[in-house]
Amino acid sequence: MKVFGLKRIDSYIIKQFLGTFIFAMILILAISIVFDMNEKIDKFLKPEITMKEIVFDYYLNFIPWFFNTISALITFIAVIFFTSRLAGNSEVIAMLSSGMSFRRLMLPYWISAAVIALVTALLNAFVIPTGNIKRIEFQNKYFRNRAVESVRNMRLEVEPNIIAYFDQYADRARMGYRFSLEHFDDKKLISRLTAKEIKYDTLYRWQIIDYMIRDFDGMYEHITTGSRKDTTLRIIPSDFLISVDDCEKMTTPELAQYINRQKQRGIGNIQTFEIEYHKRFAAIMASFILTCIGVALSSRKMKGGMGLNIGIGIGLSFSYILFATVTSTFAVSGLVSPMIAAWIPNALYTLIAAFLYLKAPR
């Protein structure tokens with residue numbers, strides 16, 4: 001029987017693969033939630049935390065985030081477990097002996113990997129960032145506050161040839177101190193505003209306090225002073241109050257827009273955002289690479305059952321995750337670009353997948 005050009009054996013493999021993946025994912029998620037609750041039970045028992053916040057703000061958003069974190073590992077385990085069982089029952093041998101090539105055998109695995117990759121891509125791009133807003137706010141409020149609430153010595157480009165400087169900005173008071181705004185024309189300073197304080201109002205609206213404006217015209221200088229002045233600046237506090245968790249709260253289009261905007265303004269500490277952006281695309285390929293490695297490893301019938309295959313598979317999957325973490329630190333330190341850091345694990349494990357594919361039983 002064929003469905004959309006697939007044979008019955010293809011449908012069987014797809015159902016078994018995705019079924020094993022879903023079962024393993026539910027099991028690991030359940031165990032993880034239990035361990036997480038046990039770790040945080042003393043905090044959950046605080047009277048100011050409601051059950052609604054715990055369930056809907058934290059755990060409802062924790063599940064898709066953790067699903068995405070371990071999807072590569074679960075994909076590998078599902079492939080190893082299911083394919084080792086097929087090989088142990090001599091089903092792989094029977095399929096290859098009937099004239100099916102190993103390349104053709106991979107088709108239902110590629111389809112299953114594509115389904116997982118699509119789900120991962122959509123979660124990464126849109127669902128998880130939206131949920132992370134509430135999850136991270138919950139963590140900052142009740143666990144450990146990692147939000148950046150002040151900054152010192154911040155210089156950024158507001159618009160082309162307009163440079164702003166804050167000696168200090170405190171988010172709680174929405175106040176900046178010892179502020180300056182410099183206008184240039186072909187690298188020549190034509191105007192400089194200095195203010196004792198500057199207060200953020202609403203989107204792009206600021207109020208400067210105790211200010212002095214110096215306009216330069218050749219050898220002449222015109223000075224204007226005042227106590228308060230409302231103005232519009234194309235900057236908002238989130239442009240420079242950068243937290244390590246902020247990248248996780250942005251959808252992929254928002255992340256790309258933010259990176260471009262910060263680069264235009266000359267803000268250099270955005271490696272974490274660039275790494276997150278490229279990792280979201282690299283994660284799509286991880287499902288295909290690990291699926292190929294898993295099938296090539298476990299399609300051969302081995303003495304002693306599937307235990308060795310599962311052990312090797314778990315070791316490789318953990319090494320992949322560890323390697324991806326290590327290369328990210330290289331990008332943060334500036335040794336490699338964020339794009340290269342995100343794709344190095346995929347490049348290396350693609351070579352491993354190609355080698356194992358060529359060595360797989362025919």
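A short reminder: the numbers here are calculations on the coordinates, not readings from a lab. Remember, it's a predicted structure, so these values are computed and weren't measured experimentally. Backbone-built Cβ (ideal geometry, glycine too); neighbour counts: all protein chains shown.
What percent does the relative contact order of the stretch 150-239 come to when contacts are Cα pairs within less than 8 Å and at least six residues apart? Intermediate values should be presented prior to the final figure.
On the way: 203 pairs, mean separation 17.6, N = 90.
Computed over the stretch 150-239, the figure is 20 percent.
What angle, in degrees between 0 and 90 and rounded to the nearest 10, separates the Cα long axis of helix 60-88 from the longest principal axis of the Cα atoms of the chain?
It is inclined by approximately 20 degrees.
Quick one: in the chain, what % of C-alpha pairs are over 27 Å apart?
Working: 39360 of 65341 pairs.
Cα-Cα pairs of the chain separated by over 27 Å account for 60 percent.
Can you grab the distance from the C-alpha centre of the stretch 232-293 to the C-alpha centre of the stretch 337-362, Å, no decimals?
One Cα centre to the other: 24 Å.
Report, in whole Å, the centroid distance computed from the Cα atoms of the stretch 308-329 and the stretch 71-102.
The stretch 308-329 and the stretch 71-102 have Cα centres spaced 21 Å from each other.
What residues qualify as long-range amide H neighbours of VAL336, i.e. H under 5 Å apart, gap of 5 or more or another chain, H built at 1.01 Å from N?
The answer is ALA331.
Taking the highest mean first, how do the peptides 311-318, 69-76, 110-117 order by number of other beta carbon atoms within 10 angstrom per residue?
69-76, 110-117, 311-318
Stretched out fully, how many nm does the piece from GLN257 to ALA114 gain, at 0.36 nm a residue minus the Cα gap?
Length difference between fully extended and current span is 48.8 nm.
How much net charge surrounds ILE312 when only the other residues with a Cβ under 14 Å from the Cβ of ILE312 are counted, with Lys and Arg +1 and Asp and Glu -1?
Around ILE312, the surrounding residues sum to +2.
Between the stretch 142-202 and the stretch 1-60, how many Å separate their Cα centres?
Their Cα centres are 44 Å away from one another.
Would you mind classifying the stretch 1-153 by shape? Square roots of the alpha carbon gyration tensor eigenvalues, ordered a ≥ b ≥ c; an a/c under 1.5 is rounded, otherwise it is prolate if a/b is larger than b/c and oblate if not. Can you show the working numbers first?
Details: a/c = 3.41, a/b = 2.50, b/c = 1.36.
Prolate.
Net charge near THR83, counting Lys/Arg +1 and Asp/Glu -1 over other residues with Cβ under 13 Å of its Cβ?
Net local charge, THR83 excluded: +2.
How high is the relative contact order of the chain, in percent, with contacts defined as C-alpha pairs under 8 Å that are six or more residues apart?
19 percent
Listed highest first by mean packing, meaning other Cβ atoms within 10 Å per residue, what order do 15-26, 225-236 come in? All intermediate terms of the calculation are to be shown ahead of the outcome.
Numbers: 15-26: 17.3, 225-236: 12.9.
Result, highest mean Cβ count within 10 Å first: 15-26, 225-236.
Which value in nm describes the separation of the simple spin-label points at GLN271 and ARG103, placed 7 Å from the Cα toward the beta carbon?
4.3 nm
When Lys and Arg each count +1 and Asp and Glu each count -1, what net charge do the other residues less than 13 Å away from LYS263, Cβ to Cβ, add up to?
With Lys, Arg at +1 and Asp, Glu at -1, the net is -1.
Quick one: if you stick a label point 7 Å off each Cα along the C-beta vector at TYR177 and LEU122, how many nm between them?
5.0 nm
So how far apart, in nm, are the two label points at TYR165 and LYS43 if each is 7 Å from Cα heading toward Cβ?
Result for the modelled spin labels: 4.0 nm.
Which whole-Hz couplings ³J(HN,Hα) result when phi for each residue of the stretch 8-20 is put into the Karplus expression 6.51 cos²θ - 1.76 cosθ + 1.60, θ = phi - 60°, listed in order with x for Gly and Pro?
Per-residue couplings from phi come out as 4, 5, 5, 4, 5, 5, 4, 5, 5, 4, 5, x, 5 Hz.
Roughly how many debye, to the nearest 20, is the charge dipole of the chain about its Cα centre, given +1 on each Lys and Arg Cβ, -1 on each Asp and Glu Cβ, and no other charges?
Computed about the Cα centre, the dipole is about 1560 debye.
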